[in-house]
Amino acid sequence: MIKVGIIDNNAHTREAIKRILVTHTLGSTAIPITILFDLEYCNLTKEEKFPVPDVLLLDIEHQDTLIMEKVKKLFPMSEVIILTNLTDVKIVRKCFRNGAVSYLLKDTCMQDLVHAILITLNQGSFISPTINRALINQAFSSKKYEDLLTARELQVANGIVEGLSYKLIAEEYKISLDTVRIYIKRVYRKLNINSKGELISQLSM
């Protein structure tokens, strides 16, 4: 028996998901799936005790930017599958960093939902082909940017990407703060950027 929870603000989508899962369960050789709950994100509160699903299907569209962190704290033992229409690679990576293990687009992968659940529960990950291609393209772009930098410039830039302060970078590589600033200016110039946010966007892998 696979226990599933659904968090989605769109009632029509919740019904569509339930129809897919119920239809699968009707098959003679299917692994039984039971839906523990389906609700809007605003109804997910710390005060209420929810049953723990094996898999949590979560839509992050139009939600609090910290939704993944909050959901994972409430359901630390559940495998989280993002089921959404958002294709922004930065959002995808943030979801993975905070505990999601699969990422499906509603527009193209609803028919793969049961397959994705089974893969995820078998210690795998299911990622929509469109998202996979975007991740590959970003990795390729990041490599091109990295090739423009010297070894030291790349070390300093990666320190920024990892969230280190100039002071910590200076201590890590035994250089002065002024030297760190010089390297950062060189990196910005070579990559044709003007902010830390742009640097993180270009070099995040």
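Would you be able to say whether some residue in the stretch 128-143 is surrounded by fewer than 12 Cβ atoms within 10 Å (Cβ to Cβ), among the charged types (D, E, K, R), within 26 Å of the chain's Cα centre (by Cα) and modelled with pLDDT under 90?
Yes, there is a match, as at least one residue in the stretch 128-143 is surrounded by fewer than 12 Cβ atoms within 10 Å (Cβ to Cβ), among the charged types (D, E, K, R), within 26 Å of the chain's Cα centre (by Cα) and modelled with pLDDT under 90.
Where the second residue is basic (Lys, Arg) and the first is within 16 Å of Leu149 (Cα to Cα) and lies in the stretch 171-196, which pairs have Cβ atoms under 8 Å and are six or more apart or on separate chains?
Final answer for the pair search is Tyr183/Arg152.
Quick check on this structure: which one of Val101, Val92 is touching a residue at least 40 places away in the same chain (Cβ under 8 Å), in contact with a strand residue (DSSP E or B) (Cβ under 7 Å, 6 or more places away or on another chain), surrounded by 16 or more Cβ atoms within 10 Å (Cβ to Cβ) and in the same structural domain as Pro53 (by TED's automatic domain parsing)?
On inspection, the qualifying residue turns out to be Val92.
Could you tell me whether Asp147 is more than 25 Å from Lys3 (Cβ to Cβ), loosely packed, with under 14 Cβ neighbours inside 10 Å and in contact (Cβ under 8 Å) with a residue 12 or more places away in the chain?
Judged against the criteria, Asp147 is not a match.
Confirm whether Ser176 is among the polar types (S, T, N, Q), out of contact with any helix residue (DSSP H, G or I) (no Cβ under 8 Å at 6 or more places or on another chain) and more than 20 Å from Lys90 (Cα to Cα).
Considered against the rule, which asks whether it is among the polar types (S, T, N, Q), out of contact with any helix residue (DSSP H, G or I) (no Cβ under 8 Å at 6 or more places or on another chain) and more than 20 Å from Lys90 (Cα to Cα), Ser176 comes out as no.
Can you tell me how many residues within the stretch 50-74 are aliphatic (A, V, I, L, M), part of a loop (DSSP other than H, G, I, E, B) and within 21 Å of Thr87 (Cα to Cα)?
Adding up the residues that qualify gives 2.
Looking at the stretch 127-185, which of its residues are among the polar types (S, T, N, Q) and assigned to a helix (DSSP H, G or I)?
Hits for the stretch 127-185 are Thr130, Asn132, Asn137, Gln138, Ser141, Ser142, Gln155, Asn158, Thr179.
List pairs: first in the stretch 38-61 and on the phi < 0 side of the Ramachandran plot, second in a loop (DSSP other than H, G, I, E, B) and among the small types (Gly, Ala, Ser), Cβ under 7 Å, 6+ apart or cross-chain?
Pairs that qualify, where the first residue is on the phi < 0 side of the Ramachandran plot and the partner is in a loop (DSSP other than H, G, I, E, B) and among the small types (Gly, Ala, Ser), are Val52/Ser78; Pro53/Ser78; Asp54/Ser78; Val55/Ser78; Leu56/Ser78.
When you scan the stretch 176-205, how many residues do you find that are of a type in the set (A, V, I, L, M) and in contact with a Phe, Trp or Tyr (Cβ under 8 Å, 6 or more places away or on another chain)?
Qualifying residue count, the stretch 176-205: 6.
The values are calculated or read from the model by the stated rules, or taken from the named source; none is laboratory data. Quantities reported herein were computed from a predicted structural model and do not represent experimental measurements. As a convention, Cβ positions derive from the backbone with ideal geometry for all residues, glycine included, and neighbour counts pool all protein chains shown.
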